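Report on the structure given below.
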Amino acid sequence: MKKLPTGERIHKRDHFHDKRCASCWQSAEDDDHLFTCIKRKSQRKNIIKQINILKNTVDPVLCDILKEGIMAYFIGGCVTTTMLRIRGQEGMKRYELLIDEQIIIGWDNLLRGKFTKQWKIQQKAYTTRMRLKNPAMYERKRRKKKIEEEKNKNKSKQKKNKKNKTEAFQSFFQAMVPVIMEMWTDQCIDRNTPVLGGRIVAEYDSLMKKVTQLYTMREMVLPEDELKIFEEPLEEKLQDTNQQLKKWITRWRPVIGHSMKRMKEIAKGNSKPIWQHFTANKPAKTIVTRRVTKRNNTRPRKMSNNPLTNVYNRMQKKRSSSRATIATKRRYTKALITTTYTKQGKHRSTSRDTTVMEVEEQTIEDRFGDVPM
């Protein structure tokens, strides 16, 4: 029910659509206005008639509460104030919970089939009271109903599936659905049926939307063009005839489009690049790339600083077999040793034949005082 394309709901999607009721043209057409419109008196009377029919089988007090609540909703009055008047009557204490729960749910939702459970509970309590009050009359009514049901069974023997027995308030809502459907059908007819001069009115509505849209571009054109094109306010312009509005649209619509393009070109010419606000002459040397550098983990590490490479030769990258290559030891040449001696200011003897005295001079004294023999 609350998803119907009413005038207010369509106006939210398209602001050019008129949200007023097409039947009364007085207020906005929403979900509640379908029931409260002044052109729907006959449908409201049909709903009240269905409540009066309920009095034959339902508790009369429940019918009075239902009737007062729905009438207050139709009129647009305060339902809470109406229920206060009902609560003041004698023997209404047992119905207070029903009234409170239905106010919370909403009487507008009652017309959409949302009844509180207290309606069913209070109706069962009413039938129990009537049975205990006059059992003979109750038994007579029950027998009469049973005979009628048996007659109906004989007529409908072809039906195999048995449906659950409909309750009183469920049957009331089922009787109310065609009335609500009739309301919505009449509303759609009033909105879509052509009337005398309806073609002219429809043409004026479309022209009015176009002119209003062009007037929204008033601040986007050049100042000198604005004075020529929009010389009249929008309210005065909409009072013109359809022919005058057509001439104005065909004359000024291309001018407005060209003026908007010129305005954009001038705005671009007068604007500065953003880097000129921070640097003097040249833009900042910043290169932004979305390329993610991947680290090449397969590249071998350099082994030049490893102490093992100073002694042994590294193996070749590409070798023919799984055998390791023979590492050659580095030989220290005599020239390297002699240069180190000369740098330190010492003399190195090249001869290997030395006397005993020279060897004794070269030995280091023992700290324990032992003299070589």
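When the residues of the stretch 1-40 are filtered to those that are β-branched (Val, Ile, Thr) and more than 21 Å from the chain's Cα centre (by Cα), the one that is surrounded by the most Cβ atoms within 10 Å (Cβ to Cβ) is THR6.
Looking only at the stretch 70-126, count how many residues are touching a Ser or Thr at 6+ places or on another chain (Cβ under 7 Å) and in a helix (DSSP H, G or I). Result for the stretch 70-126: 7.
Values quoted throughout were computed directly from the atomic coordinates according to the rules given, and no laboratory measurement underlies them. The shown structure was predicted, so the numbers you read here are calculated from the model rather than taken from an experiment. Backbone-built Cβ (ideal geometry, glycine too); neighbour counts: all protein chains shown.
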